[in-house]
Amino acid sequence: MRLLLASASETRLALLRAAGLELEASPPRIDEEGARAALEAEGASPRDVADALAEMKAQKLADRNPDALVLGCDQVLAFDREVWGKAATPQALYEQLLRLRGRTHKLISAVVLYEENRPVWRHAEEVRLTMREFSDDWLEDYIARNWQTVRDSVGGYHLEGEGVRLFSTVEGDYFTVLGLPLLPLLNYLGQRGFIPT
């Protein structure tokens with residue numbers, strides 16, 4: 001079966017291709033901010049928000065491609081009982097990272113797999129990240145240097161890049177930080193015979 005990724009994330013696509021999967025990326029257009037706000041207003045947990053957004057993406061693409069396996073993915077940042085998406089401006093990112101400085105937050109990455117236009121598997125994982133203390137000046141310079149590459153990243157950092165310098169500890173799976181619980185996904189695909197094992 002064709003495998004489609006319902007995401008615009010170059011990182012997710014690269015991870016899956018590096019693992020030997022042949023797939024195409026086709027990001028669906030959904031109102032993520034509106035959906036996130038509605039879910040939060042209903043009292044959904046951060047894990048449920050990530051899962052629901054991943055499913056919305058998978059479902060929209062599966063509706064157009066019922067003969068394909070469709071992967072929907074999403075990641076949210078949970079901090080102080082709030083769910084954060086991507087910062088819209090460098091100033092918004094600066095304010096977010098100031099709030100996270102010296103404190104711990106969570107990244108929750110969810111994936112939902114659709115087969116024959118219905119959900120057949122889902123998984124969500126959580127990582128705890130603690131930011132170190134850093135100066136306001138260093139933070140301004142970090143954002144100026146990295147805005148174009150981190151603007152589409154929840155939290156405004158790439159752990160695989162200079163963003164790693166923001167942290168004192170990271171507890172959890174590296175792939176989950178990058179936005180995809182890769183090992184559980186590969187295990188499922190192998191068990192179902194979608195990929196050779």
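The values are calculated or read from the model by the stated rules, or taken from the named source; none is laboratory data. All figures in this text were calculated on a predicted structure; none of them were measured in a lab. Glycine also receives a Cβ, built like all others from the backbone with ideal geometry; neighbour counts cover every protein chain displayed.
Go through the stretch 115-155 and give me each residue that's under 16 Å from residue 95 (Cα atoms) and within 12 Å of the chain's Cα centre (by Cα).
153, 154, 155
Is at least one residue of the stretch 88-102 in contact with a His (Cβ under 8 Å, 6 or more places away or on another chain) and either more than 19 Å from residue 33 (Cα to Cα) or assigned to a helix (DSSP H, G or I) (or both)?
Filtering the stretch 88-102 down to residues in contact with a His (Cβ under 8 Å, 6 or more places away or on another chain) leaves none.
No, the stretch 88-102 has no match at all.
Considering each residue of the stretch 157-177, count those that are among the basic types (Lys, Arg) and surrounded by 14 or more Cβ atoms within 10 Å (Cβ to Cβ), and give that number.
Of the residues in the stretch 157-177, 0 are among the basic types (Lys, Arg) and surrounded by 14 or more Cβ atoms within 10 Å (Cβ to Cβ).
Yes/no per residue for (1) crowded, with 18+ Cβ neighbours inside 10 Å; (2) over 30 Å from residue 190 (Cα atoms):
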site: 67; (1), (2): no, no
site: 76; (1), (2): yes, no
site: 85; (1), (2): no, yes
site: 104; (1), (2): no, yes
site: 109; (1), (2): yes, no
site: 137; (1), (2): no, yes
site: 141; (1), (2): no, yes
site: 144; (1), (2): no, yes
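A quick yes/no check of all residues on (1) in contact (Cβ under 8 Å) with a residue 60 or more places away in the chain; (2) within 17 Å of residue 77 (Cβ to Cβ); (3) out of contact with any Phe, Trp or Tyr (no Cβ under 7 Å at 6 or more places or on another chain); (4) buried (at least 21 other Cβ atoms within 10 Å of the Cβ):
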{"site": "126", "(1), (2), (3), (4)": "yes, yes, yes, no"}
{"site": "134", "(1), (2), (3), (4)": "no, no, yes, no"}
{"site": "179", "(1), (2), (3), (4)": "yes, yes, yes, yes"}
{"site": "188", "(1), (2), (3), (4)": "yes, no, no, no"}
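Every residue, every condition in (1) touching a Gly at 6+ places or on another chain (Cβ under 6 Å); (2) hydroxyl-bearing (Ser, Thr, Tyr); (3) modelled with pLDDT of 95 or more; (4) not in a helix (DSSP H, G or I), yes or no:
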position: 105; (1), (2), (3), (4): no, no, yes, yes
position: 108; (1), (2), (3), (4): no, no, yes, yes
position: 113; (1), (2), (3), (4): no, no, yes, yes
position: 124; (1), (2), (3), (4): no, no, yes, yes
position: 133; (1), (2), (3), (4): yes, no, yes, yes
position: 148; (1), (2), (3), (4): no, no, yes, no
position: 163; (1), (2), (3), (4): no, no, yes, no
position: 197; (1), (2), (3), (4): yes, yes, no, yes
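Okay, residues lined up against (1) of a type in the set (A, V, I, L, M, F, W, C); (2) within 23 Å of residue 11 (Cβ to Cβ):
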{"site": "111", "(1), (2)": "yes, yes"}
{"site": "116", "(1), (2)": "no, no"}
{"site": "125", "(1), (2)": "no, yes"}
{"site": "148", "(1), (2)": "no, yes"}
{"site": "151", "(1), (2)": "no, yes"}
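In this structure, does residue 72 turn out to be in a loop (DSSP other than H, G, I, E, B) and closer than 23 Å to residue 50 by Cβ?
no
Of a type in the set (A, V, I, L, M), in contact with a strand residue (DSSP E or B) (Cβ under 9 Å, 6 or more places away or on another chain) and closer than 20 Å to residue 46 by Cβ: is that true of residue 97 in this structure?
So residue 97 passes the test.
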